[in-house]
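A short write-up of the structure that comes next.
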């Protein structure tokens, strides 16, 4: 046990920031695992440059990882860090603006050379000029402490220096009373083949811990008690992992093989990586020649009776548009996962945004409706993937899942479901003819629809007697033959729309959270803004203001009670990380003047800022002003 | 005709066959009830008739045959065959066929495409299908023109071609589809002519029997927008003098009295009586190195003075789809077979869990 006094905190936000070669993401991941093991609720936000190794020591090269952990339920990675670990001047310069005065700065002084200060744009050393006086600064030579701890190792100085992130992790682990066992096992496994490196990292980690224990620089250590959580088995998971596992679970439950066609694109590639390693679960991954090839492969696999899936980000979704239209026209199941990033064009590849909603809705030629859903948190990607496959297979339609960079890379605890509790998924292929031709011969009608769902039969090659042709040309209702008949086209366009609209019959009505029951203002979100909106609503309510909140998972079709919900409030506020795309859909569909609140900074909303916005809306509503 | 007994390596291995006792399938069974809507005199009719005629010879169950096409006149093809089919979108048929062929070992997958569909808008998918060697047979109808859009020049149109979009002549250098396929290391590359039914059937059958991507360029006349594009070789007398029929293991002859000889790194055509026997090229479609086949493909400089016809290349290379399936099956087998619910549960748990007690 520690000899120093321990102070209990209810929540802490830590940000690790360094050069993109400093291993900050790994450090953050390990601290997250240690924290999860203690039963805290947590939420993380990795933030890194698009460049793999931007020039060392520069502002564009800063990579950071923010972690929020608490003894109660939390929903965001937090707005303002309580502790910043800055491994170099650039990291300090790039992140200090987010760190409130009074917070703790742990700064690696070894990197504050004249050259590095200049690279970061400091004329004078901020450690010397008094500019950090308002913060609680721990200026520590982390690099040389690491080299010293590894004095007995036969490694080069450079190799020794590389373990400095583990020294920092050891120190922070001590400071917040995190156990080291998990990280020790991790390092043992990761460096099993290079014993010298393994021992160096372990030694640095323990040295950091021991330093906290002995130094006078840190007088107290902190602890954060476990958060009350529903009983069960938990793990931490990122959105990308959750999406992949949701797909795997659905494929397993359906008994169908899953074929992923994908072309590497940030921030979606992690799903491809994860699924590529899960062949055991009858998963085939095809890395295509381009985005169009990828979605074509998925559609070809679906035609053959597999679960065709493609993963991409905004620019890739644009390229896949025509093939998605073909899937709409041929009425084949397909799941398209768009991990949204900042746009337009290449935009901000590693930053988050919600600006593909209208592209998902309308980004194809012709009347081309598809189902659109969006996960609300990293672990909700699992349930969204399951739901996407349910809709795609039940209605024989493409389904677009709108994840984003924040969800894909962020992580949180996940209550692992029991496999037997997962929703069942019975997919039936057509096996028999379903009609007769004018001569009375039994024939197969590929576009004879199910009365309830309007879905057409899924008749896969290899089924005798069901030979048929499908394609992108308009087809005659029922028979599927090529048809240019005006009335038939009008009917087919309406049937395809009615089929998608009908999905609303099988989705849960929108639930509103309004504990007082007297709120007059509703805040409505979709996708990854769930966390910041929830936190902002908690802050607003804590200030004594009534506000109702609801969150959309289904963007097309909307839940059938949505209009009724919107009309039952005086004012509806819609925060989005775009310029008001959901707001536009709501206004167009319901003629309701929703209030749009937008930010497109490549970062999630700050919950404090959002709380302020909500508070003002409640005030304006009471005053009857806009 | 050789009978395919489904030996490994055959293009149709793994595809269910009709019962040998059953009456032979007929052309009629492979003909759909849809009215064929090509222009009168279109070369596509001959190819369709040939394909409908020889598909029964493959002895495959009709329901296990799938034709995928892109966009263009020839891409209507699947609608006229009573097999499974998809008339997809412009240029993407090879990608869709790759997904299908990989997902389903038990299907015989065919792609029908044209010079614009395959070589222009779909060029990327075509070259990648060929380099991967996905088990599929690609029929590339080359009429050197855009027909369905009414007469613009295509990527195989000759320099100087006067078309609707090139009123003063095309300046685009054309692709030689056979050279392109060989450059992409296609494992089977052939060329045939719409009006030569016997040759067409022979080459298509060999293509179907090949395991891997087979690309067959079919010279096809468009009577409306580019009539007579292949007249020089279709004309009985002219054709005889210009065509070089490729026969494996035999010297390559052009007409009756010319032969193909080596000429530096390339080839040329000389009168047979002037050729040194040792210089005369003996055709070897099975050579691992595609250089000779490539040199052969360059014999026609676009003037159709000397046009090799037949199978340029026919080599064995593991196919993409077989290997992808083998990886999945290998992983599953070494893990003890298909994943159970317990396996899935273990996957969901991962390595690092903690338990909260209620």
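Quick look at the values:
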quantity: Qualifying residue in region B:233-245 (condition: under 30 Å from residue B:66 (Cβ atoms), out of contact with any helix residue (DSSP H, G or I) (no Cβ under 7 Å at 6 or more places or on another chain) and touching a residue at least 12 places away in the same chain (Cβ under 8 Å)); calculated: no
quantity: Of all residues in region A:473-488 being within 39 Å of the chain's Cα centre (by Cα) and surrounded by fewer than 18 Cβ atoms within 10 Å (Cβ to Cβ), the one that is farthest from the other protein chains (Cβ to nearest Cβ); calculated: A:474
quantity: Residue A:56 vs. criteria farther than 19 Å from residue A:177 by Cβ, at pLDDT 95 or above and not assigned by TED's automatic domain parsing to the domain that holds residue A:352; calculated: no
quantity: Output for region A:257-290, where each listed residue is over 25 Å from residue A:29 (Cβ atoms) and more than 10 Å from chain B (Cβ to nearest Cβ); calculated: A:263, A:287
quantity: Lone qualifier among A:231, A:227 - being at the interface with another protein chain (Cβ under 10 Å from one of its Cβ atoms), free of Cβ contacts under 8 Å to residues at least 24 places away in the same chain and touching a strand residue (DSSP E or B) at 6+ places or on another chain (Cβ under 7 Å); calculated: A:231
quantity: Breaking point among (1) buried (at least 24 other Cβ atoms within 10 Å of the Cβ); (2) within 7 Å of another protein chain (Cβ to nearest Cβ), for residue B:129; calculated: (2)
quantity: The lone exception for residue A:495 - which of (1) more than 14 Å from chain B (Cβ to nearest Cβ); (2) assigned to a loop (DSSP other than H, G, I, E, B) it fails; calculated: (2)
quantity: Candidate set: region A:586-604, residues that are touching a strand residue (DSSP E or B) at 6+ places or on another chain (Cβ under 6 Å) and over 12 Å from residue A:572 (Cβ atoms); chosen: the one surrounded by the most Cβ atoms within 10 Å (Cβ to Cβ); calculated: A:602
quantity: Residue check, residue A:543 closer than 30 Å to residue A:598 by Cα, more than 14 Å from every other protein chain (Cβ to nearest Cβ) and surrounded by 15 or more Cβ atoms within 10 Å (Cβ to Cβ); calculated: no
quantity: Hey, residue A:132 in a strand (DSSP E or B) and touching a strand residue (DSSP E or B) at 6+ places or on another chain (Cβ under 7 Å) or not; calculated: no
quantity: Where residue B:355 falls short, out of the listed (1) exposed (fewer than 15 other Cβ atoms within 10 Å of the Cβ); (2) within 30 Å of residue A:257 (Cβ to Cβ); (3) within 14 Å of another protein chain (Cβ to nearest Cβ); calculated: (2)
quantity: Evaluation of residue B:265 against (1) modelled with pLDDT under 95; (2) more than 18 Å from residue B:299 (Cα to Cα) (one fails), failing number; calculated: (2)
quantity: Residue within region A:366-389 that is farther than 22 Å from residue A:422 by Cβ, free of Cβ contacts under 8 Å to residues at least 40 places away in the same chain and assigned by TED's automatic domain parsing to the domain that holds residue A:253 present; calculated: no
quantity: Of all residues making up region B:83-109, the number that are over 15 Å from residue A:287 (Cα atoms) and facing chain A (nearest Cβ under 7 Å); calculated: 11
quantity: Entirely in region A:1-118, the strands (runs of 3 or more DSSP E) that have 2 or more residues that are within 27 Å of residue A:210 (Cβ to Cβ) and under 19 Å from the mean Cα position of the chain (by Cα); calculated: A:41-47, A:62-70
quantity: Residue list for region B:261-280, filter: touching a residue at least 12 places away in the same chain (Cβ under 8 Å) and exposed (fewer than 10 other Cβ atoms within 10 Å of the Cβ); calculated: B:265, B:273, B:276
quantity: Single residue of region B:58-68 satisfying the filter (under 17 Å from residue B:23 (Cβ atoms) and touching a helix residue (DSSP H, G or I) at 6+ places or on another chain (Cβ under 7 Å)) that is nearest to the other protein chains (Cβ to nearest Cβ); calculated: B:62
quantity: Test: residue in region A:316-325 that is away from chain B (no Cβ under 14 Å) and touching a strand residue (DSSP E or B) at 6+ places or on another chain (Cβ under 7 Å); calculated: yes
quantity: From A:300, A:304, residue being within 7 Å of chain B (Cβ to nearest Cβ), in contact (Cβ under 8 Å) with a residue 60 or more places away in the chain and touching a helix residue (DSSP H, G or I) at 6+ places or on another chain (Cβ under 7 Å); calculated: A:304
quantity: Within region A:350-419, helices (runs of 4 or more DSSP H) holding 2 or more residues that are within 30 Å of residue A:26 (Cβ to Cβ) and touching a strand residue (DSSP E or B) at 6+ places or on another chain (Cβ under 7 Å); calculated: A:380-395, A:405-409
quantity: Failed item in (1) part of a loop (DSSP other than H, G, I, E, B); (2) within 10 Å of chain B (Cβ to nearest Cβ); (3) in contact with a helix residue (DSSP H, G or I) (Cβ under 7 Å, 6 or more places away or on another chain), with residue A:470 passing the rest; calculated: (1)
quantity: Those residues of region A:520-534 which are surrounded by fewer than 24 Cβ atoms within 10 Å (Cβ to Cβ) and more than 18 Å from residue A:373 (Cβ to Cβ), in sequence order; calculated: A:520, A:522, A:534
quantity: Test result for residue A:149, more than 31 Å from the chain's Cα centre (by Cα), under 17 Å from residue A:165 (Cβ atoms) and surrounded by 14 or more Cβ atoms within 10 Å (Cβ to Cβ); calculated: yes
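Residue by residue, here is whether (1) modelled with pLDDT under 95; (2) surrounded by fewer than 22 Cβ atoms within 10 Å (Cβ to Cβ) holds:
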residue: B:6; (1), (2): yes, yes
residue: B:20; (1), (2): yes, yes
residue: B:45; (1), (2): no, yes
residue: B:52; (1), (2): no, yes
residue: B:94; (1), (2): no, no
residue: B:104; (1), (2): no, no
residue: B:109; (1), (2): no, no
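One line per residue, one yes/no per condition, for (1) buried (at least 24 other Cβ atoms within 10 Å of the Cβ); (2) in contact with a strand residue (DSSP E or B) (Cβ under 7 Å, 6 or more places away or on another chain):
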position	(1), (2)
A:66	yes, yes
A:70	no, yes
A:78	yes, yes
A:85	yes, yes
A:89	yes, no
A:95	no, yes
A:100	no, no
A:114	no, no
A:117	no, no
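A quick yes/no check of all residues on (1) more than 19 Å from residue B:208 (Cα to Cα); (2) in contact with a helix residue (DSSP H, G or I) (Cβ under 7 Å, 6 or more places away or on another chain); (3) assigned by TED's automatic domain parsing to the domain that holds residue B:115:
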residue: B:18; (1), (2), (3): no, no, yes
residue: B:26; (1), (2), (3): no, yes, yes
residue: B:43; (1), (2), (3): yes, no, yes
residue: B:81; (1), (2), (3): no, yes, yes
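The values are calculated or read from the model by the stated rules, or taken from the named source; none is laboratory data. These figures come from a predicted structure and were not determined experimentally. Every residue, glycine among them, receives a Cβ derived from its backbone with ideal geometry; neighbour counts consider all protein chains shown.
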